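Participant: Structure in structure tokens, see below.
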Amino acid sequence: MTNFKSLFIDYCQKNNFEVNQDQIDVISTFHEFYKDNLDQSFFNFFFKKNKKNLGIYLHGDVGMGKTMLLNFFFDQLSLKKQRLHFNEFMIKFHDFKFNNPNQQNIIEVFVKELKEKTKLIYFDEFQVTNIVDAMILGRLFKEIFKQQIFVLFSSNIKINDLYQEGLQRDQFIPFLEIIKKFCIEINLSINHDYRLKKGKTERFVFPINSTNKFIANKFFREISKNKKSENKILNIKGRNFEIKNFFEGLARFDFTELCDQNIGAEDFIEVANNCSFIFIENLPDFSENNSNQQHRFITLIDILYEKRIPLLITSDKSLNEINSSTSLKEPFKRTLSRLNELTSIIF
């Protein structure tokens, strides 16, 4: 049987990663989960058909290595599997519902079709901020677990603290109870953010003044040199999203173009699919007065991080000085950590 602990130690050594005991302990828990639930050996196949644990929910602060651990575990599994951004998953569900308006038991039909394609789903950096999603997740995941689909979650937030300040949170409680019933909850606690060790943030330029504007503009001119400029139009379900400054995969936006408009995850995914590098100018400070814009920005950075899109950003404040609205303070910690990595010179 696969020994995940020894494989993980070898993996760390080959990639010059620090071998951390807290992470080793998590891998050992993954190993037990695999042995009890996913192992398709003769004994397990015939004698352990009723699985109690159908998921892992790994949480901890930003940059602890949650994604690295779950990526490693996910890559070792030889079964039908998918890694999805949660926003992408919910878009797939809403699209399915829209395209099948007369279908009864839409959740059951959606999950049955899902099961034909995958035995395991992995959601990295899971969080819920949308009231529509919050109200249906209980029924959706009840059916997912009923169909014996395994789920891996990583999150910055404990299960009980998900959607903490959300509207009508009482309708979200059944989802929490289902996750706690079927998933092993693991807390990863390490005293530093590994992302901050990866490199100096050379592409986060502050404050906004004539000197730094020149530096940022010079950098973008150099990387876009000899590339054709166009006004690119993305058609997203009948809606047009305009990229005014597009240079064969390099895009330049003002913050307002991305986050002041009433757009969301679906639009950002399409932007990411068309871009290999993005320059965002005039990133503001955040407060209660622009929390909607901050919420869109968090979603944007989650998607760009998932798609591995490097960034150049200008702001009046350094990353460490940017404030947050109260309700988004916790998820914004992840955003700042990811920005540190996405603007790193070695990213």
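Any read-out appearing in this document is the output of simple, stated calculations on the displayed coordinates, not a laboratory observation. Owing to the predicted nature of the structure, the values given are computational and were not obtained by experimental measurement. In this analysis, Cβ positions are derived from the backbone assuming ideal geometry, glycine residues included, and neighbour counts consider all displayed protein chains.
Participant: At 7 Å along Cα-to-Cβ for each site, give me the label-to-label distance between Thr2 and Glu113 in nm.
Facilitator: My value for the distance between the label points is 2.9 nm.
Participant: Ok, one more. Want the number for Asp95 to Ser28: 0.36 nm per residue separation, take away the alpha-carbon distance, what's left?
Facilitator: 20.3 nm
Participant: To continue, here is another question. Roughly how many nanometres apart are two label points built 7 Å out from the Cα toward the Cβ at Ile131 and Lys35?
Facilitator: 4.8
Participant: Please identify which residues in segment 85-123 have an amide N closer than 19 Å to a label point set 7 Å out from the Cα of Leu79, following the Cα→Cβ vector.
Facilitator: From segment 85-123, the list is 111-123.
Participant: Ser327 to Ser276: FRET efficiency via 1/(1 + (r/R0)^6), r the Cβ-Cβ distance, R0 45 Å, to the nearest 0.05?
Facilitator: Once rounded, the FRET efficiency stands at 0.85.
Participant: Also, quick follow-up: Hey, with R₀ at 41 Å, roughly what FRET efficiency would Gln148 and Ser291 work out to, going by the Cβ-Cβ distance, to 0.05?
Facilitator: Working from the Cβ atoms, E equals 0.55.
Participant: Additional query: Take segment 257-315, compute every pairwise Cα distance, and split them into 5 Å bins from 0; I just need the percent in each bin.
Facilitator: The percentages, shortest bin first, are 4, 18, 30, 29, 14, 4, 1.
Participant: Sticking with this one: Rg and Dmax of segment 95-199 over Cα atoms: what are they, in angstrom?
Facilitator: When restricted to Cα atoms, segment 95-199 yields Rg and Dmax of 15.9, 53 Å.
Participant: Computed from these coordinates, which is Rg and Dmax of the Cα atoms in Å: [x] 21.4, 70; [y] 31.0, 100; [z] 18.9, 65?
Facilitator: Label of the calculated value: [x].
Participant: Report the dimensions of segment 1-158 along its three principal axes from the alpha-carbon atoms, largest first, rounded to Å.
Facilitator: Ordered largest first, segment 1-158 gives principal extents of 54, 40, 23 Å.
Participant: Then there's this: Restricting to bridges with both residues inside segment 198-347, how much of the DSSP beta-bridge set is antiparallel, in percent to the nearest 5?
Facilitator: 50
Participant: Helix 210-224 versus the longest principal axis of the chain: what is the Cα-based angle in degrees, 0 to 90, to the nearest 10?
Facilitator: Between helix and principal axis, roughly 60 degrees.
Participant: Right, here's the next one. Give the calculated FRET efficiency between Arg221 and Glu185 to the nearest 0.05, with a Förster radius of 56 Å applied to their Cβ-Cβ distance.
Facilitator: The computed FRET efficiency comes out at 0.70.
Participant: Leaving out same-chain residues fewer than 8 places away, which lysines sit with a Cα under 20 Å from that of Lys237?
Facilitator: The reachable lysines, counting only those whose Cα sits under 20 Å from Lys237, are Lys92, Lys97.
Participant: Each label point is 7 Å from the Cα along the Cα-to-Cβ direction; what then is the distance between the points at Asp260 and Ile236, in nm?
Facilitator: Going by the 7 Å Cα→Cβ label model, 1.8 nm.
Participant: Specify the angular offset, from 0 to 90 degrees and rounded to the nearest 10, of the alpha carbon long axis of helix 86-99 from the longest principal axis of the alpha carbons in the chain.
Facilitator: Result, in degrees: 80.
Participant: Measuring from centroid to centroid over Cα atoms, what is the spacing of segment 322-336 and segment 208-274 in Å?
Facilitator: 24
Participant: Tally the DSSP beta bridges in the chain and give the antiparallel ones as a percent, rounded to 5.
Facilitator: Of the beta bridges lying entirely in the chain, close to 25 percent run antiparallel.
Participant: Follow-up question, since we're still on this one. Nearest-5 percent of antiparallel DSSP beta bridges in segment 244-291?
Facilitator: Counting only bridges with both partners in segment 244-291, antiparallel ones make up about 40 percent.
Participant: While we're here: In degrees between 0 and 90, to the nearest 10, how far off the longest principal axis of the chain does helix 329-342 point, with axes built from Cα atoms?
Facilitator: Its long axis makes an angle of about 70 degrees.
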